[in-house]
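J.: The following block contains the structure, expressed as structure tokens.
The values are calculated or read from the model by the stated rules, or taken from the named source; none is laboratory data. Keep in mind it's a predicted model, so treat the numbers as computed, not measured. Cβ sites come from the backbone with ideal geometry, for glycine too, and all protein chains shown count toward neighbours.
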Amino acid sequence: MYTPDQLRRREASRWTKVQIILAPIQFVAFIVSFGLVIHYLLTGDGFLAATISVWVKIALIWALTITGMLWEHDMYDHYFMAKEFFWEDLGNLIAIITHNLYFVAKGMGADERTVMWVMVFAYVTYLFNAAQFLVRGVRSARQRRAMQQVSTQQQV
């Protein structure tokens, strides 16, 4: 998954820590926002709360995208679409585009319910993207443990 040099670069990058902090915050914001959006769609109440939560979620996906690009540069010397991170970047690109469809829908004069349905669609793309990153993170953690075990055994 990662070469030893890439693992070293991953551990040295300050953006790794930022991503580790921002990702769960974004996930919590997603859960809250998704709940508020669904609540609005089911009841017609709480449009302002749902809207504010959508703005927070969009701000967080942008923050993670920008810091992720800086991380990717530290890792692969590319800001976006490095071959080693292509699928993750493609998933993120789809998620960020669908999140920003909120602004397109608002700009086109879509009604409140349509705008919130756009966000339901965006949130589904986010779930697929988040799952992809989770799988990569689990694989990375397994790889680090395996490399640490090999290193420990070589020292003995």
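J.: Please identify the pairs in which a residue from region 120-134 that is within 17 Å of TYR40 (Cβ to Cβ) and hydroxyl-bearing (Ser, Thr, Tyr) has its Cβ atom under 6 Å from the Cβ atom of a residue that is at pLDDT 85 or above and surrounded by 13 or more Cβ atoms within 10 Å (Cβ to Cβ), counting only partners at least 6 apart or on another chain.
T.: TYR123/PHE34
Let's see how each residue does on (1) surrounded by 15 or more Cβ atoms within 10 Å (Cβ to Cβ); (2) out of contact with any Cys (no Cβ under 6 Å at 6 or more places or on another chain); (3) modelled with pLDDT under 95; (4) not basic (Lys, Arg):
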position	(1), (2), (3), (4)
GLY44	no, yes, no, yes
PHE47	yes, yes, no, yes
ALA59	no, yes, no, yes
THR67	yes, yes, no, yes
TRP71	yes, yes, yes, yes
ILE96	yes, yes, no, yes
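J.: Applying the selection to region 80-109, what residues are of a type in the set (Gly, Ala, Ser) and under 21 Å from GLY35 (Cα atoms)?
T.: ALA95, ALA105
Matching residues to (1) more than 26 Å from LEU101 (Cα to Cα); (2) surrounded by 15 or more Cβ atoms within 10 Å (Cβ to Cβ); (3) modelled with pLDDT under 95:
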residue	(1), (2), (3)
ARG9	yes, yes, yes
LYS17	yes, no, yes
LEU41	no, yes, no
ILE52	no, no, no
TRP87	no, no, yes
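J.: Looking at ILE20, is it under 20 Å from THR125 (Cα atoms) and either in a helix (DSSP H, G or I) or not hydrophobic (A, V, I, L, M, F, W, C) (or both)?
T.: Criteria not met by ILE20.
J.: To continue, here is another question. Return the total of residues in region 98-111 being over 12 Å from the mean Cα position of the chain (by Cα) and surrounded by 14 or more Cβ atoms within 10 Å (Cβ to Cβ).
T.: 7
J.: Do any residues in region 96-109 that are in contact (Cβ under 8 Å) with a residue 60 or more places away in the chain have Cβ atoms under 6 Å from those of residues that are of a type in the set (A, V, I, L, M, F, W, C), where the two are at least six apart or on different chains, and which pairs are they?
T.: none
J.: Do we find that VAL135 is under 16 Å from PHE34 (Cα atoms) and surrounded by fewer than 15 Cβ atoms within 10 Å (Cβ to Cβ) in this structure?
T.: Against the criterion (under 16 Å from PHE34 (Cα atoms) and surrounded by fewer than 15 Cβ atoms within 10 Å (Cβ to Cβ)), VAL135 does not qualify.
J.: Cβ-Cβ distance below 9 Å, separation of 6 or more or different chains: which pairs start in region 58-69 with a residue that is farther than 14 Å from PHE30 by Cβ and end on one that is at pLDDT below 95 and acidic (Asp, Glu)?
T.: GLY68/GLU88; GLY68/ASP89; MET69/ASP89
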